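The values are calculated or read from the model by the stated rules, or taken from the named source; none is laboratory data. As the structure is a computational prediction, the values presented were derived from the model and not from experiment. Note: ideal-geometry Cβ built from the backbone for every residue, glycine included; neighbour counts use all protein chains shown. Please note that ligands, DNA and RNA were not included when accessible areas were found on the heavy atoms of the full protein model with its side chains. Shrake-Rupley method; radii C 1.70, N 1.55, O 1.52, S 1.80 Å.
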Amino acid sequence: MTTKAVGIDIGGTGIKGAIVDVATGELLTDRKKLATPSGGKPEDILDTVLALFEELGDIGSDTPVGVCFPAVIIRGRTMSAANVSKKWIGLEAEKMFEDKLGRSIHFVNDADAAGVAEARYGAAVDAKGLTILTTLGTGIGSAMLYNGELIPNSELGHLQLDGRDAEKLASTSAKEDEDLSWMEWAKRLQRYYEHLELLFSPDLILVGGGISKSSDEFLPLLDLRAPIKPAKLRNNAGIVGAAELATR
Ligand code: BGC
């Protein structure tokens, strides 16, 4: 039974990777990180992933590899590009990575990977009913899990609020770009999560993304029906979830 897998998380600013013990969700190596090439074009990202892969050292040829990416992924194809180059739309990304790395790859949405990691090792272990994980960052990613089973490609960052994408209003980038205080930002998050509750009635809401380490600043300001908690795996969630999915 394989317990070792590689997880790679492609983001708007950095591409991170590590070898993961999928029995525990712990990293077996340091997390390596390279800057995402500007423009985020497929061929440049592929080169960077290859470089990152080499930094991870000797990986056995039968070690599963999972890659997560900020787009809708349908049968290995990237079908959207909200915060990355439009060249990704419609691309057979999984196959491109397989050809470049010379091995089989599992390609998955970044928030879905994070959701799977939280359900297996983090804040949603044994969670019953509907869990919605949201990742707050450049955009808003989402993972929906029902009794721990992933319902992929939910894209709840693109729900419309005031005629625009919710992620434009309530992501970490919106907070930074508009220099919002915690209180101002929390008002937007309140509207966003209320809308999620209206549509989906989740049993548990998790908040991931880098800013979740400051969750004490904003989660207590929210008033929702469902419990809302910080995700546990922080910056490793995508890596760990992609690695775990690759072993299935
Ligand atoms: C993308 C999602 C992604 C999220 C977080 C959104 O803009 O549409 O696919 O999960 O950003 O990276």
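Quick notes on this structure:
- With every protein chain in place and a 1.4 angstrom probe, the accessible-area ranking of ARG77, ARG234, ARG188, largest first, reads ARG234, ARG77, ARG188.
- Legend: translational diffusion of the stretch 5-151 by Stokes-Einstein, Rh = Kirkwood radius over C-alpha pairs, 10 °C, 1.306 mPa s; D = 101 µm²/s.
- Rg over Rh [alpha-carbon atoms, Kirkwood Rh] for the stretch 126-231: 0.93
- MRE, 222 nm, helices only [DSSP H, n ≥ 4, -39500 (n - 2.57), over the chain, to nearest 500]: -9500 deg cm²/dmol
- For the chain, the longest principal axis of the C-alpha atoms and the axis of helix 182-200 are separated by about 80°.
- Residue of GLY11, GLY137, GLY102 that the Gaussian network model of the chain assigns the largest fluctuation, springs spanning Cα pairs under 10 Å: GLY102
- Cross-link pairs LYS33/LYS175; LYS41/LYS213; LYS128/LYS213; LYS187/LYS229 - those with Cα-Cα distance over 22 Å: LYS33/LYS175; LYS41/LYS213; LYS128/LYS213
- Dipole moment magnitude, nearest 20 debye, the stretch 126-231 about Cα centre, only Lys, Arg, Asp, Glu C-beta charged: 160 debye
- With protein chains left intact and a 1.4 Å probe, residues in the chain average 45 Å² of accessible area per residue.
- Its alpha carbons considered, the stretch 184-242 gives a radius of gyration followed by a Dmax of 12.0, 34 Å.
- Kirkwood Rh (inverse of mean 1/r, distinct Cα pairs), the chain, angstrom: 18.0 Å
- Looking at the chain, the DSSP beta bridges with both ends there are about 60 percent antiparallel.
- Here the dipole of the chain is about 200 debye; that uses its Cα centre as origin and unit charges on the Cβ of Lys and Arg (positive) and Asp and Glu (negative).
- Highest average packing first - 180-186, 87-93, Cβ atoms within 10 Å: 87-93, 180-186
- The fraction of accessible area contributed by carbon and sulfur in the stretch 35-127 is 47 percent, rounded to a whole number (1.4 Å probe; ligands and nucleic acids excluded).
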